[in-house]
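Please read the structure below before turning to the comments.
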Amino acid sequence: MRLATWNVNSVKARLPRLLAWLAETRPDVVCLQETKCPDGAFPVAELGELGYEAASHSNGRWNGVAILSRVGLDDIAVGFQDEPGFPQPEARALSATCAGVRVWCVYVPNGRSPESPHYLYKLAWLAALRDALRRELDGGRPLAVCGDFNVAPTDADVWDPAV
């Protein structure tokens, strides 16, 4: 399976570039972050012309994630159990099964700086994500986690996916 991930920073603004890239490279699964496109306006028809199914999770203003697949898109889940918010959960996680592989597309919150309340939110979000991914691994199927992790040097001691 060829898997790709891209922080597209507005799927509508980048749609011509995205479609050209998909037509040229033909990855099996693509994870997009920062789609900034309401779910009802996501370009499903245009992507379908290239053979892709699409699932998206977005509020339309900022954030937003999507999974595009040419190999199936089953068991779609928006967000994850105990996902924290700032103050409400944001459109930052989406998962689906693609050709037997559980694929997660994540857009990790930017912590800004260790002094910022956003940093505490990021740490809580990553801890909850780690727990959700552990539950996925208990399912015994292959797992791929893709996305924009917003990793900074200050994060090295708090995010170890192996823990």
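Has region 10-23 got at least one residue that is in contact with a Pro (Cβ under 7 Å, 6 or more places away or on another chain), free of Cβ contacts under 8 Å to residues at least 40 places away in the same chain, open to solvent by 70 Å² or more (accessible area, probe 1.4 Å) and more than 16 Å from Asp148 (Cβ to Cβ)? No, that holds for no residue. On the basis of being open to solvent by 10 Å² or more (accessible area, probe 1.4 Å), touching a strand residue (DSSP E or B) at 6+ places or on another chain (Cβ under 9 Å) and not aliphatic (A, V, I, L, M), does Glu90 make the cut? Criteria met by Glu90. Residues that are within 20 Å of Leu18 (Cβ to Cβ) and either in a loop (DSSP other than H, G, I, E, B) or not aliphatic (A, V, I, L, M) (or both) within region 60-90 comprise Gly60, Arg61, Trp62, Asn63, Gly64, Ser69, Arg70, Val71, Leu73, listed in sequence order.
With the condition kept exactly as written, say whether any residue in region 106-127 is touching a residue at least 60 places away in the same chain (Cβ under 8 Å), open to solvent by less than 40 Å² (accessible area, probe 1.4 Å), in contact with a Ser or Thr (Cβ under 8 Å, 6 or more places away or on another chain) and of a type in the set (Val, Ile, Thr). So far as region 106-127 goes, no, none of its residues is touching a residue at least 60 places away in the same chain (Cβ under 8 Å), open to solvent by less than 40 Å² (accessible area, probe 1.4 Å), in contact with a Ser or Thr (Cβ under 8 Å, 6 or more places away or on another chain) and of a type in the set (Val, Ile, Thr).
For region 40-48, the criterion of a residue being within 22 Å of Trp104 (Cβ to Cβ), among the charged types (D, E, K, R) and open to solvent by 50 Å² or more (accessible area, probe 1.4 Å) is satisfied by no position.
The values are calculated or read from the model by the stated rules, or taken from the named source; none is laboratory data. Please read these numbers as outputs of a predicted model, since none were measured by experiment. Heads up, the Cβs are rebuilt from the backbone with ideal geometry, glycines too, and the neighbour counts pull from every protein chain shown. The area values use the complete protein model at the heavy-atom level, side chains included, leaving out ligands, DNA and RNA. Shrake-Rupley method; radii C 1.70, N 1.55, O 1.52, S 1.80 Å.
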